[in-house]
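The next block holds one structure in the form of structure tokens; read it before the comments.
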Amino acid sequence: MSLELTGISVRYRGAVRPVLSDWDLRVPAGESVALIGPSGAGKSTALAVAGLLLAPDAGQVRIAGQVRTTRDAALVLGQEVGLVLQSVNLLPARSAVDNVMLPALVSGGTRARARPRAVDLLASVGITEPEQRARTLSGGQAQRVGVARALMVAPAVLIADEPTANLDLVTGREIARALLRAAEGTTVLLATHDPEVAAMADRVVELRPATDHAARDGTDPEQRRVAS
Ligand SMILES: Nc1ncnc2c1ncn2[C@@H]1O[C@H](COP(=O)(O)OP(=O)(O)O)[C@@H](O)[C@H]1O
Ligand SMILES: [Mg+2]
């Protein structure tokens, strides 16, 4: 399924400048796009809009050509759209495989059917001990389990917001590689500040802080005032 954002504008309450202003992004079905840019550039904001967690002030989100809003979030999240976030929030007392199965069980699946897929997904992200308790996993292992969990219900779109941010560089890159491999065929939007992770995606889109946009294209009102 394609993911399309058109004319997206977001300005947080009290902020002088919008974080996103008439911003477009089109990710064709099955393509992976890395969203890069410095901290504060608006990556998480863009992903929150794409993931139907934040209603933009203007613009539209289309998933598989269909307009979706935050009102559809409950329907769409964990089904058509999977999320991987910086904090994984696994159930600590449960096993890795139980955590991965959870989304399938919540949407009515049986343990017997969910388990083999969960074990396969864990293996595909490098977790070979599915019975290990979540609380005993390292940060990197937990993040891998989070990736497997997001893929459990075979979402058509996977949105990952700096899933490797809390890990060391090498581990982070390994996990990004595992994520993109496991999500092969899925439409992926991945925010990262690591250029090497970004290069693993099919395409890289750069977000710049609002001030840079304005300075570059001459629409910064402050600059215009100085110039005239
Ligand atoms: N909930 C919020 N309320 C007000 N300002 C916010 C909020 N979330 C983010 N911002 C601001 O919006 C800008 C973009 O933030 P963010 O989307 O988190 O960027 P990134 O993920 O690229 O670091 C930053 O200046 C940040 O301080
Ligand atoms: Mg962010």
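Annotations
- The largest-to-smallest principal axis extents of the Cα set in the range 76-122 are 29, 27, 17 Å.
- 0 to 90° range, to nearest 10: angle between helix 96-106 axis and the chain longest Cα axis: 70 degrees
- The angle between the Cα long axis of helix 111-124 and the longest principal axis of the Cα atoms of the chain comes to about 60 degrees, rounded to the nearest 10.
- Helix-only mean residue ellipticity at 222 nm for the chain, each DSSP H run of n ≥ 4 adding -39500 (n - 2.57), per residue, nearest 500: -10500 deg cm²/dmol
- The convex hull drawn around the Cα atoms of the range 3-218, when projected onto a plane and averaged over every direction, covers 12.1 nm².
- Separation of alpha-carbon centers, the range 71-108 and the range 166-214, rounded to whole Å: 21 Å
- Listed peptides 183-192, 77-86 appear in the order 183-192, 77-86 once ranked by packing, highest mean of other Cβ atoms within 10 Å at the front.
Readers should treat all values here as calculations from the given coordinates under stated rules, not as data from a laboratory. Because the structure is predicted, anything quoted here is derived from the model rather than measured. Methodologically, a virtual Cβ is constructed for each residue, glycine included, from the backbone with ideal geometry; neighbour enumeration extends over all protein chains shown.
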